[in-house]
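Asks: To start, I am sharing the structure in question, which I have written as structure tokens.
The values are calculated or read from the model by the stated rules, or taken from the named source; none is laboratory data. Being a predicted model, the structure only gives us computed values, none of them experimental. Every residue, glycine among them, receives a Cβ derived from its backbone with ideal geometry; neighbour counts consider all protein chains shown. Note: areas computed on protein heavy atoms with side chains; ligands, DNA, RNA excluded. Shrake-Rupley method; radii C 1.70, N 1.55, O 1.52, S 1.80 Å.
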Amino acid sequence: MDHAYNKWLYFSEEVQTAKAEGRPIVALESTIISHGMPYPTNVETAREVESIVRSHGAVPATIAVLNGKIKIGLSDEDLEFLGRPSHHDNILKVSRRDLPYVLSMGLHGATTVAATMICAKLAGIEVFVTGGIGGVHRGAEHTMDISADLTELAQTNVAVVCAGAKSILDIGLTLEYLETQGVPVIGYQTEEFPAFYSRTSGFSANFSLQSPWELAGFIRTKWSLGLDGGVVIANPVPQEASMNSLEIEQVITQALNEATQLQIHGKAVTPFLLDKIKELTGGKSLETNVALVKNNAHLGAQMAVHLVESHLPLM
Ligand code: PSU
Ligand code: MN
């Protein structure tokens, strides 16, 4: 395939081989490494998530921009580079609008859900595992802060496994936005849309599916109809790692107040809030974050396996 975009893509040997053999591959993002978790938990978690994916017979493809190339599948050194605080200022948080800049200028970037979806699609990967998606921020009626993750989900054919959206966002408005954009939100073994740190949000998912097999069938059906765009698979955090909703709500309110006082804007908002929440919960939120990402890796890998095994027509 001689597409113009191929000059920007660089595959690891492991992913290249998996592609050639038609094996299941799971995309993983890098903003969570560079801007979502502190060192060294970020790098340790990234490695553990990769090994969970492998344990199900799938191949992990963590995605980032390094030296102006989209790397599909990272080495341990790459993960370390992305995670170390000393490199933080040289690694841009890259969403859809930022991709041409970091590529054409030969820079480094950690990819958000939106940018990782774009790169996964270019690389021919159908399943992507993350922690939480971006969404409509509280107060968006004034700030217009709506994550580009949502418009990406509206158009790019990648299934995104997450633990819902955290209530630093307006979960109700996020679901309304996804409905307007025709993005299905599936609760995995739950009727509710989970709220990241906790299993419930008070809002319903659109549908509830019970197995990776059912999820694979849903995804294939959507794309076989030509209904472009992603699917949100909302997988609640395991009970034993979940946080009390009232407690986390208070912490989130305080973090949001501090963000307002400090006049944090634009793409700095989400990283600021994540860090503040971690500080205010004495690290408990980080443990929960790690647990839910791993839990999502188990599900995403199984889905990828079923998508390959299901001999339904490809996109
Ligand atoms: N939510 C999390 N952890 C994260 C992010 C979101 O719980 O690390 C990251 C993801 O990469 C997501 C991005 O795509 O934040 C959304 O940023 P923004 O709100 O600026 O679009
Ligand atoms: Mn934003």
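Asks: Between 41, 112, 31, which gets the highest mean-square fluctuation from a Gaussian network model of the chain, Cα cutoff 10 Å?
Replies: 41
Asks: So which residue, out of 300, 36, 217, gets the largest mean-square fluctuation from a GNM of the chain using Cα contacts under 10 Å as springs?
Replies: Evaluated over the chain, the most mobile residue of the options is 217.
Asks: Separate question: Hey, what's the per residue convex hull volume over the C-alpha atoms of segment 174-221, in cubic angstrom? Before the final figure, lay out the partial values.
Replies: Details: hull volume 3.6 nm³, N = 48.
Looking at segment 174-221, the number lands at 74 Å³ per residue.
Asks: Taking only protein heavy atoms into account and a 1.4 Å probe, give the accessible area per residue of the chain in Å².
Replies: 44 Å²
Asks: Taking a ≥ b ≥ c as the square roots of the eigenvalues of the Cα gyration tensor of segment 107-156, is the shape rounded (a/c under 1.5), prolate (a/b larger than b/c) or oblate?
Replies: Details: a/c = 2.37, a/b = 1.90, b/c = 1.25.
Verdict is prolate for segment 107-156.
Asks: Using the Karplus equation 6.51 cos²θ - 1.76 cosθ + 1.60 (θ = phi - 60°), what ³J(HN,Hα) coupling, rounded to whole Hz, does each residue of segment 105-116 give in order, writing x for Gly and Pro?
Replies: After applying 6.51 cos²θ - 1.76 cosθ + 1.60, I find 9, x, 9, 9, x, 9, 8, 6, 4, 4, 5, 5 Hz.
Asks: Once the dipole of segment 49-108 is set up with Lys and Arg at +1 and Asp and Glu at -1 on Cβ about the Cα centre, which of 61, 75, 105 lies farthest towards its positive end?
Replies: Working it through, the farthest residue towards the positive pole turns out to be 105.
Asks: Determine the dipole magnitude for segment 219-315: charges of +1 sit on the beta-carbon of Lys and Arg, -1 on that of Asp and Glu, nothing else is charged, the reference point is the Cα centre, and the result goes in debye to the nearest 20. Intermediate values should be presented prior to the final figure.
Replies: Numbers: 7 positive and 9 negative charges, 55 e Å.
I would put it at about 260 debye.
Asks: Test of understanding: in a Gaussian network model of the chain with alpha carbons linked when under 10 Å, which of 78, 89, 98 would top the mean-square fluctuation ranking?
Replies: Taking springs between Cα atoms under 10 Å, the residue moving most is 89.
Asks: Normalising by the residue count of the chain, find the relative contact order in percent from Cα pairs under 8 Å and 6+ residues apart. Don't skip to the end; give the middle numbers.
Replies: Details: 640 pairs, mean separation 61.7, N = 315.
Here the relative contact order equals 20 percent.
Asks: From the Cα gyration tensor of segment 19-142, with a ≥ b ≥ c the square roots of its eigenvalues, which class applies: rounded if a/c is under 1.5, or else prolate if a/b is larger than b/c, or else oblate? Mind dumping the intermediate values first?
Replies: On the way: a/c = 1.33, a/b = 1.27, b/c = 1.05.
Here segment 19-142 falls in the rounded category.
Asks: Moving on. Along the charge dipole of the chain, pointing to its positive end and built from +1/-1 on Cβ of Lys, Arg, Asp and Glu, which listed residue (136, 27, 146) has its Cα farthest out?
Replies: 27
Asks: In the chain, carbon and sulfur make up what percent of the accessible area (probe 1.4 Å)?
Replies: Here it works out to 53 percent.
Asks: In debye to the nearest 20, how big a dipole does the chain give about its Cα centre with +1 on each Lys and Arg Cβ and -1 on each Asp and Glu Cβ?
Replies: Working: 22 positive and 34 negative charges, 87 e Å.
Using Cβ point charges on Lys, Arg, Asp and Glu, the chain gives about 420 debye.
Asks: About the Cα centre of segment 160-269, how large is the charge dipole given +1 on each Lys and Arg Cβ and -1 on each Asp and Glu Cβ? Please answer in debye to the nearest 20. Numbers along the way, then the final one.
Replies: Details: 5 positive and 11 negative charges, 66 e Å.
Roughly 320 debye for segment 160-269.
Asks: Another question, then. When the helices in the chain are scored as -39500 (n - 2.57) per DSSP H run of 4 or longer and the sum is shared across all residues, what 222 nm value do you end up with, to the nearest 500 deg cm²/dmol?
Replies: Numbers: 12 runs with 138 residues, N = 315.
Helices in the chain give a 222 nm mean residue ellipticity of -13500 deg cm²/dmol.
Asks: Shape call for segment 135-267 from the C-alpha gyration tensor, a ≥ b ≥ c root eigenvalues: rounded (a/c under 1.5), prolate (a/b greater than b/c) or oblate? List each step's numbers first, then the result.
Replies: Values: a/c = 2.72, a/b = 1.40, b/c = 1.94.
Here segment 135-267 falls in the oblate category.
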